[in-house]
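Since the structure comes first, as structure tokens, the remarks are kept for the end.
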Amino acid sequence: MSTAPDVWVHPTARIEVARDARVVLGHGVVLGPDSRISAHGGTVKIGAGARLGERVVVVSHAGVEIGEGALIGDWAAVEGAAPTFADAERPIAEQPELHALVTIGAGAMIGVHAVIGAGATIPAGATVAPYAVVRDVTSRS
């Protein structure tokens, strides 16, 4: 894990990094109360000036990139894994998980309680509405 000297992590925030994963926090990054970063795989890179609100959850399996100045609203989730369901005869719990990079562009705003799923790309400056669910539907056919 590497952090710039001016990163602010709330005392109740948690950062978990697996052996083969990495977390990089840029200058001025703020992690709000009870926010959590769980890096199971890949690199979680949070750009300078990005802010994660209260109880934001970021889970990486293949990597998560959050651009400079991005804002992730309270209780939002960024999830780098999703179930697959290509075989209708097999229970979903027995099918492999999709692990894919999640990218949130510089200056993007993610609303409260929104969910950004595996493989999603949010362009720079975009706004995701509160309670929205964004996922990469092309990989689920």
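The values are calculated or read from the model by the stated rules, or taken from the named source; none is laboratory data. A quick note: this is a predicted structure, and the numbers were derived from the prediction, not measured. Don't worry about glycine lacking a Cβ; one is built from the backbone with ideal geometry, like all the others, and counts go over all protein chains shown.
Taking the criterion of being buried (at least 17 other Cβ atoms within 10 Å of the Cβ) and touching a strand residue (DSSP E or B) at 6+ places or on another chain (Cβ under 6 Å), the residues of segment 128-139 that qualify are 128, 134.
Figure legend. Inter-residue proximity from segment 24-36: first residues within 15 Å of residue 47 (Cα to Cα), second residues in a strand (DSSP E or B) and among the hydroxyl-bearing types (Ser, Thr, Tyr), beta-carbon distance below 8 Å, spacing 6+ or different chains. Indicated pairs: 24/2; 24/3; 24/43; 25/2; 25/3; 29/3.
Is it fair to say residue 48 is under 25 Å from residue 136 (Cα atoms) and either part of a loop (DSSP other than H, G, I, E, B) or in contact with a strand residue (DSSP E or B) (Cβ under 7 Å, 6 or more places away or on another chain) (or both)? Walk me through it before giving the result.
Details: under 25 Å from residue 136 (Cα atoms): no; either part of a loop (DSSP other than H, G, I, E, B) or in contact with a strand residue (DSSP E or B) (Cβ under 7 Å, 6 or more places away or on another chain) (or both): yes.
For residue 48, the condition - under 25 Å from residue 136 (Cα atoms) and either part of a loop (DSSP other than H, G, I, E, B) or in contact with a strand residue (DSSP E or B) (Cβ under 7 Å, 6 or more places away or on another chain) (or both) - is not met.
Residues of segment 1-29 that are among the β-branched types (Val, Ile, Thr) and either part of a loop (DSSP other than H, G, I, E, B) or modelled with pLDDT of 95 or more (or both): 7, 9, 12, 15, 17, 23, 24, 29. In this structure, does residue 16 turn out to be among the acidic types (Asp, Glu), surrounded by 19 or more Cβ atoms within 10 Å (Cβ to Cβ) and touching a strand residue (DSSP E or B) at 6+ places or on another chain (Cβ under 8 Å)? No: the conditions fail for residue 16.
Of all the criteria given as (1) closer than 25 Å to residue 129 by Cβ; (2) at pLDDT below 95, the one not satisfied by residue 85 is (1). Looking at segment 20-36, is at least one residue surrounded by fewer than 18 Cβ atoms within 10 Å (Cβ to Cβ), closer than 17 Å to residue 116 by Cα and β-branched (Val, Ile, Thr)? No, because not a single residue in segment 20-36 is surrounded by fewer than 18 Cβ atoms within 10 Å (Cβ to Cβ), closer than 17 Å to residue 116 by Cα and β-branched (Val, Ile, Thr). Among all positions in segment 54-65, there is at least one residue which is surrounded by 16 or more Cβ atoms within 10 Å (Cβ to Cβ), outside any strand (DSSP E or B) and among the aliphatic types (A, V, I, L, M).
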